[in-house]
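In what follows, a single structure is set out as structure tokens and then discussed.
The values are calculated or read from the model by the stated rules, or taken from the named source; none is laboratory data. Note that the structure is a prediction, hence the values are computed from the model and not measured. Here the Cβ positions follow ideal geometry from the backbone for every residue, glycine too, while neighbour counts run over all protein chains shown. Each accessible area value is taken on the protein alone, full model and side chains, heavy atoms only, with ligands, DNA and RNA left out. Shrake-Rupley method; radii C 1.70, N 1.55, O 1.52, S 1.80 Å.
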Amino acid sequence: MASRTEQSGVTGATGAERPLWVPDPDFAATTNMARFSRFANEERGADADSPEALWRWSVREPEAFWNAAWDFCGVIGERGERVVVDFDRLPGARWYPDARLNYAENLLRRRDDGPALLFRAEDRLRRDLTRAQLYDATSRLAQALDALGIEPGDRVAGYVPNMPESIVYMLASASLGATISTASPDFGVQGVLDRFGQIEPRVLLAADGYFWQGKRYSSLDRLPEIVRRLPSVERVIIVPHTDPAPDISAIPNAVLFDDFIGPWEAREIEFRRLPFDHPLYILFSSGTTGVPKCIVHAAGGVLLTHLKEHQLHADIRAGDRAFYYTTCGWMMWNWLSSALASEATVVLYDGSPFHPGPHVLFDYADEVRMTQLGVSAKFIDALGKAGLRPRETHDLSSVRTLLSTGSPLVPEGFDYVYRDVKPDVHLASISGGTDLCAGFVVGHPLLPVWRGEIQAPSLGMDVDVWDEKGQSMPSGKGELVCKAPFPSVPTGFWGDDDGSRFHAAYFDMYPNVWRHGDWMEWTEHGGSVIYGRSDATLNAGGVRIGTAEIYRLVDRLPEVLESIVIGQPWENDTRVILFVRLAAGRSLDEDLEARIRREIRENASPRHVPARILEVADIPRTKSAKISELAVRAVVLGESVKNVEALANPEALEDYRDRPELRA
């Protein structure tokens, strides 16, 4: 058994008097984090006798820490003498300015018959690739792209499901030094153009379609217009996915994947080693407040940061089978792909996590013996609401770590995992984002898991909580900040030549300090609780309220499937408006409304109690499944939602428009 488990009582701010999980000493000693701690102490003089001391060393001695991480994680490349220059500038610091490396070379470090990719598309498709097959496919595609004249810095884009060809395309492009962007195939035409139109890709990879809840959806009908309105695209590579022989005649400059790589035989890949800050990925913000920001991430920063997070915090080891439920439109796809650099098998799934039933991901976990199982907090909430008990129906003995992100995991979600999913698992709630393609506060395999808490700040990240005046807050809720540079700080926004938009996004509030935009609080255990986005924080009667404070109370009522809350300007103040989506057969009667108010008043404060509670049919969310409070607020205030294409279900907004209850 990997751990010992204790069921908590209920007390205090996070509702825990005892940890839910404590790592067994024998298990803890085998973790990468324990090995790294010994390495840092014995080889690099860290003199750290606890996880907290190791973190303090990592932020106090950043050059020593990041060099130790480079060596321990086995980065392939020339490091050079200098670690960081202009460390006093944020933004502006440059990491490893003399280094030369290639991201794909680090992910393709083995070429053997071991499994590299395991793939399922709902219950329709199953395909696996060995490391040799992945290497050879990458080699052939890289040669074809090279023959097309793809050079370092050229942009290439993917409009694709989470499938093996997406990984091959990324690796082949990265081997040449191209800069990669991806979007999931459920984006409409304008959503794709809002993203790829800004970066002008030369090549577009697209699948013919995708599966969702047992149905086939075509991408071929959208591609002609997309390509016509992306004049920079010279070649469109079509991957047959839902149809073995799709008709691509209507798509300009299109060729089938196998035909494109057909002339090339696999050979040794000539990886182009480039500077540490060479642009690898362009990721996109959610875009619900305007055209998405194009966030440029450096190859070295992504690689080194992911190796650190994977090996140390998620305890990914050679031979592990790492999975995260994601699409190619969410940064967790980029994060998951990097697990190849730790010699893990990357497990892919495309489709609905509830088809053919809510058990499907647990079936998959048992089938392929997953070691890291990653899902969203909302998925865990939904399973709990559905009463699913995987510990009674599945083995799950291979799963050491269950990761959760996307939104704050409420305390009841922690209870559900340890009661009904797996009592001896390391539950790692993590929080960071697309902005850094990484986490600020993360799991830690040597620390206890406390109910409702993220365990620790990530090594090398000088994270703190600040008030509006820029003062550190040992207790209380404030802005999540990072006080010093880190390798995965973006190099900037694409097209933001003077850096003004990049500066305004993160550095305007506190000069030389990254303000992330999350509302956070430290706990007495050294962990943290995220209360939602600070730009969505409610200010009722002068009291700032994190939206997650309300969600955690309302969503635990059995009648409520999920909720969304906004602040509405009212009589020179702000009043709290709560919308609820209810379980089938339930209605918002006086009794339920009274219980909701009582739950909030007794467990939060009278200031948290909503002035209005309204029932809605659905909750609008982004393509990465995050609820969109800002879009709802805009509709309620009669403002336009600047980028409806960023929403997965924009039709849901109509339920919030012109509600008579909000005019009185």
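Before moving on, here are some points about what is shown:
- Expected 222 nm ellipticity per residue - DSSP helices of 4 or more, -39500 (n - 2.57), all of the chain, to 500: -7500 deg cm²/dmol
- Projected label points at S605 and H525, each 7 Å from Cα along the beta carbon direction, are separated by 2.4 nanometres.
- FRET efficiency, W570 to D243 (Cβ-Cβ, R0 51 Å, nearest 0.05): 0.40
- Residues of type aspartates and glutamates that K469 reaches as a straight line, Cα spacing below 12 Å, ignoring anything fewer than 8 places off in the same chain: E479
- Packing-based ranking, highest mean first, of 23-32, 58-67, 271-280 given that Cβ atoms within 10 Å are counted: 271-280, 58-67, 23-32
- D363 - accessible surface, heavy atoms, 1.4 Å probe, Å² rounded to 10: 60 Å²
- Averaged over residues, the count of other Cβ atoms within 10 Å places the peptides 570-581, 443-454, 97-108 in the sequence 443-454, 97-108, 570-581, highest first.
- Of the residues A53, P474, I248, the one whose Cα sits farthest toward the positive end of the charge dipole of the chain, with +1 on the Cβ of Lys and Arg and -1 on the Cβ of Asp and Glu, is P474.
- Protection proxy ranking for 419-429, 117-127, using the average of other Cβ atoms within 10 Å per residue and placing the highest first: 419-429, 117-127.
- For the pair E661 and R273 in one chain, pulling the backbone fully straight at 0.36 nm per residue adds 133.6 nm over the alpha carbon distance.
- Label-point separation in nm, E17 to D258, each point 7 Å along Cα→Cβ: 6.5 nm
- Members of K308/K623; K385/K626; K385/K422; K378/K623; K293/K623 lying beyond 22 Å, as alpha-carbon distances in this model show: K308/K623
- R515 accessible area, 1.4 Å probe, all protein chains in place, Å² to nearest 10: 60 Å²
- Solvent exposure ordering (accessible area, 1.4 Å, most first) of W212, W522: W212, W522
- Between region 97-130 and region 360-429, the C-alpha centres lie 25 angstrom from each other.
- Counting heavy atoms of the protein chains alone, D655 has an accessible area of about 60 Å² for a 1.4 Å probe.
- When DSSP beta bridges are restricted to pairs lying wholly in the chain, around 60% turn out antiparallel.
- Cα gyration tensor shape of region 119-274, rounded if a/c is under 1.5, else prolate or oblate by comparing a/b with b/c: oblate
- Were the residues from S232 through D71 laid out at 0.36 nm apart, the gain over their Cα-Cα distance would be 53.9 nm.
- When all protein chains stay in place and ligands, DNA and RNA are ignored, the 1.4 Å accessible-area order of S249, S397, S534, largest first, is S249, S397, S534.
- Where both bridge residues fall in region 218-366, DSSP classifies roughly 45% of the beta bridges as antiparallel.
- Rounded to the nearest 5, the antiparallel percentage of DSSP beta bridges internal to region 474-632 is 85%.
- Cα-based shape type of region 429-542, given that a ≥ b ≥ c are square roots of the gyration tensor eigenvalues and the cut on a/c is 1.5: oblate
- Phi angles of region 208-218 translate, via the Karplus equation with coefficients 6.51, -1.76, 1.60 and θ = phi - 60°, into HN-Hα couplings of 6, x, 7, 10, 8, 6, x, 10, 9, 10, 8 Hz per residue; Gly and Pro are given as x.
- Modelled label positions at F87 and D123, each set 7 Å beyond Cα in the direction of Cβ, lie 5.6 nm from each other.
- Chain lengthening between E52 and E639 when straightened (0.36 nm per residue, less Cα-Cα): 206.7 nm
- Sites A147 and E392 - FRET efficiency at Förster radius 51 Å, r taken between beta-carbons, to 0.05: 0.40
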